[in-house]
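A.B. asks: I have a structure I would like to understand better, so I am pasting it below and will then ask my questions one at a time.
The values are calculated or read from the model by the stated rules, or taken from the named source; none is laboratory data. Just so it is clear, the model here is predicted, and its values are computed rather than measured. Here the Cβ positions follow ideal geometry from the backbone for every residue, glycine too, while neighbour counts run over all protein chains shown.
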Amino acid sequence: MKIRLLGLALVPLLAAPPVFAQDAVSAATDNDGTPHGVATNSTTSGDADAAYKRWAVVGSATMMQPSSRPLRGTSVDVDGDTAPTISASYYATPNIAVELWGAADKFKHDVSDNAGKIGSVDQLPLAISGQYHFGTADKVFRPFVGVGYYQSNFSNENLASVPGAHVGVKDAKGAIGTVGLDMNINPNWFARVDARYMDGSPDLTVNGSRTGEELDLNPWTVGVGIGARF
């Protein structure tokens, strides 16, 4: 079901390039349909500047998948989930941006072992990254890469593996890497697909005290969304 939802979200991405391309052709021709600005590069530069805006926001449907068997020496596994995410970016230049990204709702993970489900835990990540966007701002397809720092809060831990004790998960902290692709619909709207990897191993606690064990979750995400520039 999660894969089907992500597939449906791809529909606007497939429709985006022709619309933007038509706008680009219109912007590059005079009223009589002939190209303008051929003699100099000033028009081309002007079109690129017109498509460059300082701010962008993106809303996405994002699937998160932690690493398999994150607790060493056990059969404990943590499944994935899909949740809405949102990001806000400031473009210092047409190619360099700073992005604040996070979940708009919690990712809800079931926890299981060889005997079946043993509990659940919620996760709410937040990250800040520096990004480089390739090509000029008026290109239809613009890939980008990023690296930064994230922190993920865990809550509602409900793990039945230790009767009479509360098993908790400390906040995960570490590096985050991002790769993605923006597909421009027009100068104000674009579609986005991205993937992120978060390097983090939060500590396990029992009744608030660290156990010395870590959950090597190191989750990755795949997101599909729509963005606006202004």
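A.B. asks: Among the listed residues F230, F190, identify the single one that is within 29 Å of Y90 (Cβ to Cβ), over 17 Å from the mean Cα position of the chain (by Cα) and in contact (Cβ under 8 Å) with a residue 12 or more places away in the chain.
C.D. replies: Going through F230, F190 in turn, just one is within 29 Å of Y90 (Cβ to Cβ), over 17 Å from the mean Cα position of the chain (by Cα) and in contact (Cβ under 8 Å) with a residue 12 or more places away in the chain: F230.
A.B. asks: Taking the residues in region 181-230 that are polar (S, T, N, Q) and out of contact with any Leu (no Cβ under 9 Å at 6 or more places or on another chain) as candidates, determine which candidate is nearest to G80 (Cα to Cα).
C.D. replies: Looking at the filtered set, the residue picked out is T221.
A.B. asks: How many residues does region 175-223 contain that are within 20 Å of P66 (Cβ to Cβ) and not basic (K, R)?
C.D. replies: 28
A.B. asks: The conditions are (1) exposed (fewer than 15 other Cβ atoms within 10 Å of the Cβ); (2) of a type in the set (S, T, N, Q); (3) farther than 24 Å from D110 by Cα, and T178 fails exactly one of them. Which is it?
C.D. replies: Here T178 clears every test but (1).
A.B. asks: Can you tell me which residue in region 108-144 is surrounded by the fewest Cβ atoms within 10 Å (Cβ to Cβ), limited to those that are farther than 19 Å from A175 by Cα and of a type in the set (A, V, I, L, M, F, W, C)?
C.D. replies: Within region 108-144, the match that is surrounded by the fewest Cβ atoms within 10 Å (Cβ to Cβ) is A115.
A.B. asks: Counting only residues that are of a type in the set (S, T, N, Q), at pLDDT below 95 and assigned to a strand (DSSP E or B), which one in region 101-146 is farthest from G227 (Cα to Cα)?
C.D. replies: For region 101-146, the residue satisfying everything is S112.
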